[in-house]
Amino acid sequence: MSDPTTQPKFLPYEERCEVEDFILTEARYADESRYDDWEALLEDDMIYWVPRGVGDFDPNRDISIINDNRSRVATRIRQLKTGTRHSQTPVSPMSRIISNIVITRLSDSEYKVNANFVLHEIAVQSTEIMNIMPGRVEYHIRRRENGFGMFYKKITLINGASAVPTIAYLI
């Protein structure tokens with residue numbers, strides 16, 4: 001017989017749907033290069049981190065593929081919106097699949113969401129190669145007056161320790 005204190009605590013259905021809708025909307029905005037809509041989802045204390053692979057990495061100690069605070073994310077988005085970031089001119093068509101969503105309540109208004117993803121990107125600006133990036137993503141979001149805001153996104157590419165193609169877009 002299992003110990004009931006170790007069983008997962010599931011969110012009420014409507015609350016779970018709200019959180020999942022936010023995560024899927026965030027992914028759609030990134031896929032469609034809707035930079036203003038995507039940026040509107042961010043909180044001022046946002047951290048956007050892509051470690052260099054699977055492992056016990058510390059963003060303050062170890063080299064990362066991306067390690068941006070809110071200000072750096074804003075700079076990245078401004079660059080993408082200029083139309084002169086040649087690694088994204090024209091913009092790459094992208095599509096991601098998100099699955100295995102697990103939601104944990106951190107407080108009355110904050111949640112941690114873990115999921116698996118696969119991102120498909122066609123590098124139309126150069127090689128026309130289809131890049132496939134599988135991995136895991138961890139989001140931290142908080143309830144706002146009008147929905148949710150994201151204050152942490154960690155993307156762990158399962159091939160992140162190997163050479164990865166340019167990531168000049170929102171992953």
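The values are calculated or read from the model by the stated rules, or taken from the named source; none is laboratory data. The structure displayed is predicted, hence computed values, not measured ones. Note that each Cβ is placed from the backbone with ideal geometry, even for glycine, and that neighbours are counted across all protein chains shown.
Going by what's in this entry, would ARG78 be described as assigned to a strand (DSSP E or B), surrounded by fewer than 18 Cβ atoms within 10 Å (Cβ to Cβ) and without any contact (Cβ under 8 Å) to a residue 60 or more places away in the chain?
Values: assigned to a strand (DSSP E or B): no; surrounded by fewer than 18 Cβ atoms within 10 Å (Cβ to Cβ): yes; without any contact (Cβ under 8 Å) to a residue 60 or more places away in the chain: yes.
No, not satisfied.
Against the condition closer than 22 Å to PHE57 by Cα, among the acidic types (Asp, Glu), touching a strand residue (DSSP E or B) at 6+ places or on another chain (Cβ under 9 Å) and modelled with pLDDT of 90 or more, how does GLU138 come out, does it pass?
Details: closer than 22 Å to PHE57 by Cα: yes; among the acidic types (Asp, Glu): yes; touching a strand residue (DSSP E or B) at 6+ places or on another chain (Cβ under 9 Å): yes; modelled with pLDDT of 90 or more: yes.
Against the criterion (closer than 22 Å to PHE57 by Cα, among the acidic types (Asp, Glu), touching a strand residue (DSSP E or B) at 6+ places or on another chain (Cβ under 9 Å) and modelled with pLDDT of 90 or more), GLU138 qualifies.
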(message) I'd like the residue in the stretch 82-100 that is farther than 20 Å from LEU24 by Cα and surrounded by 14 or more Cβ atoms within 10 Å (Cβ to Cβ) and, out of all such residues, is modelled with the lowest pLDDT.
(response) ARG85
(request) Name every residue in the stretch 130-158 that is farther than 11 Å from PRO51 by Cα and in a loop (DSSP other than H, G, I, E, B), in order of residue number. (result) GLU145, ASN146
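Considering the stretch 37-51 alone, what residues qualify as being of a type outside the set (A, V, I, L, M), surrounded by fewer than 18 Cβ atoms within 10 Å (Cβ to Cβ) and not in a strand (DSSP E or B)? Write out each step before concluding.
Step one: filter the stretch 37-51 for residues of a type outside the set (A, V, I, L, M), giving 37-39, 43-45, 48-49, 51.
With the extra rule that they be surrounded by fewer than 18 Cβ atoms within 10 Å (Cβ to Cβ), the set shrinks to 37, 43-45.
Across the stretch 37-51, the qualifying residue is only ASP37.
In the stretch 132-152, is there at least one residue being polar (S, T, N, Q) and surrounded by 14 or more Cβ atoms within 10 Å (Cβ to Cβ)? Break it down into steps so the answer makes sense when it comes.
If we filter the stretch 132-152 for residues that are polar (S, T, N, Q), which is where we start, we get 146.
Those left that are additionally surrounded by 14 or more Cβ atoms within 10 Å (Cβ to Cβ): none.
Checking the stretch 132-152: not a single residue is polar (S, T, N, Q) and surrounded by 14 or more Cβ atoms within 10 Å (Cβ to Cβ).
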(message) Among the residues of the stretch 57-65, are any touching a residue at least 40 places away in the same chain (Cβ under 8 Å), farther than 20 Å from PRO134 by Cα and not in a loop (DSSP other than H, G, I, E, B)?
(response) no
(message) Just checking, does the stretch 101-120 include any residue being surrounded by 15 or more Cβ atoms within 10 Å (Cβ to Cβ), over 13 Å from the mean Cα position of the chain (by Cα) and at pLDDT below 90?
(response) no
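Can you tell which of SER107, SER95, SER126, SER33 is touching a residue at least 40 places away in the same chain (Cβ under 8 Å), assigned to a loop (DSSP other than H, G, I, E, B) and among the small types (Gly, Ala, Ser)? Give the steps one after another, and end with the answer.
Details: SER107 fails: touching a residue at least 40 places away in the same chain (Cβ under 8 Å); SER95 fails: assigned to a loop (DSSP other than H, G, I, E, B); SER126 fails: touching a residue at least 40 places away in the same chain (Cβ under 8 Å).
Only one candidate qualifies: SER33.
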